[in-house]
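Where a number appears in this text, it was derived from the coordinates with a stated rule and is not lab data. Computed from a prediction, not measured in an experiment: that's the story for all the values here. Please note: Cβ atoms are built from the backbone with ideal geometry, for glycine as well, and neighbour counts cover all protein chains shown.
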Amino acid sequence: MTPTVAPYPLARSRRLRRTPWLRDMVAENRLHVADLIWPIFVRAGDGVEEPIAAMPGVARMSLDRAVAAARQAAGLGIRCMALFPYTDVALKTPGAEEAWNPDNLVNRATAAIKSAVPDMGIMLDVALDPYNSDGHDGIMRNGVVVNDETLDCLVKQALVQAEAGADILGPSDMMDGRIGAIRRALEAEGRQDVAIMSYAAKYASAFYGPFRDAVGAGALLKGDKKTYQMDPANSDEALREVARDIAEGADMVMVKPGMPYLDICSRVKRQFGVPTFAYQVSGEYAMIMAAAQNGWLDGDRAMVESLLAFKRAGCDGVLTYFAPRIAKWLQA
C-alpha cells in the first residue's frame with residue numbers, strides 16, 4: 001500500500017528531524033541491550049587474554065577472564081553470551097571426538113560462568129570445526145564431508161552441551177536433518193527446555209576469515225565449505241532451509257553473515273514471523289574497526305548504524321562483537 005502524503009509545502013518532512021528529541025520520538029526502530037548476544041572466544045590457561053590481530057579489541061580469554069567478562073556483561077545489561085573454543089591442536093582429530101567430551105573447554109567455561117553469573121544466558125555452537133583436524137564442520141571421508149555420520153556426532157555434542165548448562169544450542173554445521181536429530185535427542189533426554197537457534201541460512205562467505213583464525217580452524221581447513229554452506233547467489237533457498245529447520249523443531253533462526261544478507265533477514269522475518277537473528281560476523285566487525293582505526297569513518301556511528309540496519313530488516317536480535325561497546329553507548 002502506498003502511503004498518502006500531502007503535497008509540499010503542506011508536508012515538510014524536515015519538521016520531524018529538527019531536534020534530537022523529535023527524531024527520537026518518531027524513530028521507527030531502536031536498539032536495546034536485550035537485543036544483543038555477545039560472542040567470546042575461550043582458551044586454556046589462567047589469567048590469559050590473547051589479542052586476536054584481525055579483530056581489534058577482541059581476545060581469546062582463559063576461563064577466569066571469561067567469567068570476569070560475564071560479570072562485566074551482566075553489569076551492562078547483556079543477558080546472553082555465545083562461547084567459542086580455541087582448541088589445542090593436539091586435541092583435534094579426524095573424528096572430532098573432543099566435541100562431545102563433557103570436560104572440554106567450552107563445557108567447562110559454560111559451567112564456570114553459570115556458577116558465577118547464574119542468570120547469564122549461554123549459547124553454544126554445535127559444529128565440529130573447532131575439534132576437527134580437517135577444519136570442517138562435519139566428518140570428512142575420502143575428501144567428502146559426510147552428512148548422516150556427522151549427525152550422530154552433532155547429537156552427542158549437543159547433549160553434553162545441554163548437560164553443561166547451555167540455554168541455547170546453535171547448530172551451525174548446515175548438515176541436512178540436524179535440527180530434527182538434535183531436537184529428538186534433547187526430548188528423549190528430558191532436555192526439552194533447551195532452545196535451538198538454528199544457523200538456518202548460513203552462507204559460504206569470505207567474511208568468516210578472522211573467526212576461523214580466532215578458533216584455530218583456518219590453517220587446518222582442507223578445501224572449502226561450499227558443499228554444505230549456502231551459495232551467496234541464492235535467496236529462495238534460504239527460505240526453504242528456514243522452513244525445514246522450523247518444521248524440525250528450531251525455536252529461533254539465524255542468518256549469517258549479517259550485513260551483506262539483510263535482504264534474507266527481511267524475507268525470513270516477513271515469511272515466517274519467528275524470532276530471527278543475524279550474526280554480525282568477524283569480517284564485518286573487522287572492516288568497521290580497521291576503517292575506524294585508520295580514521296576513515298567514525299567507529300561509534302558506523303557501529304550504531306550497522307546494528308540499526310538489522311533491526312530495520314526485521315531482526316529481533318544480533319550476535320555482535322560490539323555488544324559491550326554498544327551496551328555502554330546505550331547507557332550514555
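Close amide H pairs (under 5 Å, H built 1.01 Å from N) link ASP125 with LEU83, GLY170, residues at least 5 positions away or on another chain.
Restricting the calculation to alpha carbons of segment 37-132 gives Rg and Dmax of 13.1, 41 angstrom. Secondary structure note: in the chain, about 15% of the DSSP beta bridges are antiparallel. Expressed as a whole number of Å, what is the distance separating the alpha-carbon centroids of segment 267-297 and segment 17-71? Rounded to whole Å, the Cα centres lie 13 Å apart. When Rg and the Kirkwood Rh are both derived from Cα coordinates, the Rg/Rh ratio for segment 77-156 amounts to 1.04.
For the chain, relative contact order (Cα pairs under 8 Å, six or more residues apart, normalised by length) works out to 18 percent.
Past 32 Å, Cα to Cα, is the threshold; run LYS256/LYS328; LYS222/LYS256; LYS225/LYS328; LYS114/LYS202; LYS222/LYS328; LYS226/LYS269 against it and keep the listed order. In this structure, LYS225/LYS328; LYS222/LYS328 lie more than 32 Å apart at Cα.
Listed from fewest to most Cβ neighbours within 10 Å, the set MET252, MET197, MET25 follows the order MET25, MET252, MET197. DSSP beta bridges confined to segment 120-260 are antiparallel in about 20 percent of cases.
Given the convex hull of the Cα atoms of segment 177-330, what is a quarter of its surface area in nm²?
The number I arrive at for segment 177-330 is 10.8 nm².
Ranking ALA111, TRP100, ILE40 by how far each Cα lies toward the positive end of the dipole of segment 18-120 (charges on Cβ) leaves ILE40 at the top.
Against the chain, whose longest principal axis comes from its Cα atoms, helix 236-248 is set at around 60 degrees.
Listed by Cβ neighbour count within 10 Å, with the fewest neighbours leading, LEU151, LEU330 appear as LEU330, LEU151.
Helix 282-293 and the longest principal axis of the C-alpha atoms of the chain enclose an angle of approximately 50°.
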